[in-house]
Amino acid sequence: MSFNTFGRVFRFTTWGESHGPAIGAVVDGCPPGLALTEADIQPFLDKRKPGTSKFTTQRREPDEVRILSGVFEGKTTGTPISLMIENTDQRSKDYSEVAKAYRPGHADYAYDAKYGFRDYRGGGRSSARETASRVAAGAVARLVIPDVDIFAFVSEIGGDAIDPARFDASEIDNNPFFCPDPQAALRWEKLVDDARRDGSSLGAVVECIASGVPAGWGAPLYAKLDSELAAAMMSINAVKGVEIGDGFAAARLRGEQNADPMRPGQDGPEFLANHAGGIAGGISTGQPIKVRIAFKPTSSILIPVETVTREGEASDIITKGRHDPCVGIRGVPVVEAMMALVLADQKLLDRAQCGDDGKGR
């Protein structure tokens, strides 16, 4: 059985392959009456689309979205919203060698082992091309949570991290790396370009913050807000690690250091720290939700790597084609989309159980 749907009340299903005629998503469970046009979705796709700089894949896709259903006279109807993005710049011939041998680090062998065959043209469903569908669905999810502000940024590339003292959110959209530290962005230009020229790639860390989430979203056990976020982020191509709040650093602290102290405030408790990343016991606390996501280096590289053919013979492989030297860069809008999709679902789940208490829940 293959799973292509995510969410419980606010659900989305993605479809299509990297080198097929189109990709897309079907969003179900969206409340009716929300204003929605292609113009509400396109800016998020433009952030993710390929070919925007020499630091990303040079595949040229306009990534123009079409709404096929679920909207009437500019508003959602409550029925499934079908979104389609055409593929216009495939080069399947670039993958002729991939048809013969498995690419280490890719899903080639795992797919073959499971299904008995695979779509070797760019990886088919395992391609990061699928994430454009998520970004489109995430734009719809943002309409469900209008009071929540979500932004993500790259905090580290190839082991070179930003300086938190130089953090400037206004710089995130001023460079091709979605970097809030302008000095780090300048260093990364050479770092990523050198890797690209060498035919290699680099990993990255993306951080995402959601503010304006009220206390009370989530559940104590099997629909914990942090477990849902972890599952959402781990489902993104090339992601190998997720941390909520302090994450693994919390394991190196004492209890009094890791606690988030509280004092009485005008509108409820005021927190003096946020080591928990805005989530306690699987439920939002009203603090900003903070998530860190680790992207591995792109597995498609021009440096020969030892592998085996489908017949089990030893071989070396060079992955030709157009690939991101650092896939984490274009992962930023995908991370934002998955945050929005989880939060929209959690809002509707909370409303279904607890009703609307007038506080945005």
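The values are calculated or read from the model by the stated rules, or taken from the named source; none is laboratory data. Treat the numbers as computed from the prediction; the structure is a model and nothing was measured. Quick reminder, even Gly has a Cβ in these numbers, built from the backbone with ideal geometry, and neighbours come from all protein chains shown. For accessibility, only protein heavy atoms count, side chains too; no ligands or nucleic acids. Shrake-Rupley method; radii C 1.70, N 1.55, O 1.52, S 1.80 Å.
Look at the stretch 253-270: where a residue is surrounded by 12 or more Cβ atoms within 10 Å (Cβ to Cβ) and a partner is of a type in the set (Lys, Arg), sitting 6+ places away or on another chain with Cβ atoms under 8 Å, you get Pro269/Arg263; Glu270/Arg263.
The single condition among (1) buried (at least 20 other Cβ atoms within 10 Å of the Cβ); (2) assigned to a loop (DSSP other than H, G, I, E, B); (3) not aliphatic (A, V, I, L, M) that Lys320 does not satisfy is (1). If you scan the stretch 260-274, which residues turn out to be part of a loop (DSSP other than H, G, I, E, B), modelled with pLDDT of 95 or more and either more than 28 Å from Ile329 (Cβ to Cβ) or among the basic types (Lys, Arg) (or both)? Across the stretch 260-274, the qualifying residues are Asp260, Pro261, Leu272, Ala273.
Of the residues making up the stretch 231-252, those that are surrounded by fewer than 17 Cβ atoms within 10 Å (Cβ to Cβ) and assigned to a helix (DSSP H, G or I) number 8. Screening Ile301 with (1) surrounded by 14 or more Cβ atoms within 10 Å (Cβ to Cβ); (2) more than 23 Å from the chain's Cα centre (by Cα); (3) of a type in the set (Val, Ile, Thr) gives one miss only, at (2).
Being of a type in the set (A, V, I, L, M, F, W, C) and within 28 Å of Asp193 (Cα to Cα): is that true of Phe44 here? Taking the combined requirement at face value, the residue satisfies it. Scanning the stretch 152-200 for residues that are among the aromatic types (Phe, Trp, Tyr) and more than 22 Å from His323 (Cβ to Cβ) yields a count of 2. Would you confirm whether any residue within the stretch 277-295 is part of a loop (DSSP other than H, G, I, E, B), in contact (Cβ under 8 Å) with a residue 24 or more places away in the chain, open to solvent by less than 50 Å² (accessible area, probe 1.4 Å) and under 30 Å from His106 (Cα atoms)? The answer is no, given that none of the residues of the stretch 277-295 is part of a loop (DSSP other than H, G, I, E, B), in contact (Cβ under 8 Å) with a residue 24 or more places away in the chain, open to solvent by less than 50 Å² (accessible area, probe 1.4 Å) and under 30 Å from His106 (Cα atoms).
For the condition closer than 26 Å to Ala344 by Cα, at pLDDT below 95 and of a type outside the set (Phe, Trp, Tyr), Ala223 qualifies.
This table checks each residue for (1) polar (S, T, N, Q); (2) free of Cβ contacts under 8 Å to residues at least 12 places away in the same chain; (3) touching a Gly at 6+ places or on another chain (Cβ under 8 Å); (4) open to solvent by less than 10 Å² (accessible area, probe 1.4 Å).
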site: His19; (1), (2), (3), (4): no, no, yes, no
site: Ala25; (1), (2), (3), (4): no, no, no, yes
site: Pro32; (1), (2), (3), (4): no, no, yes, no
site: Ile41; (1), (2), (3), (4): no, no, no, yes
site: Leu45; (1), (2), (3), (4): no, no, no, yes
site: Phe55; (1), (2), (3), (4): no, no, no, no
site: Lys75; (1), (2), (3), (4): no, no, yes, no
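Only residues that are open to solvent by 30 Å² or more (accessible area, probe 1.4 Å) and either under 19 Å from the mean Cα position of the chain (by Cα) or among the polar types (S, T, N, Q) (or both) were counted across the stretch 331-355, and they come to 1.
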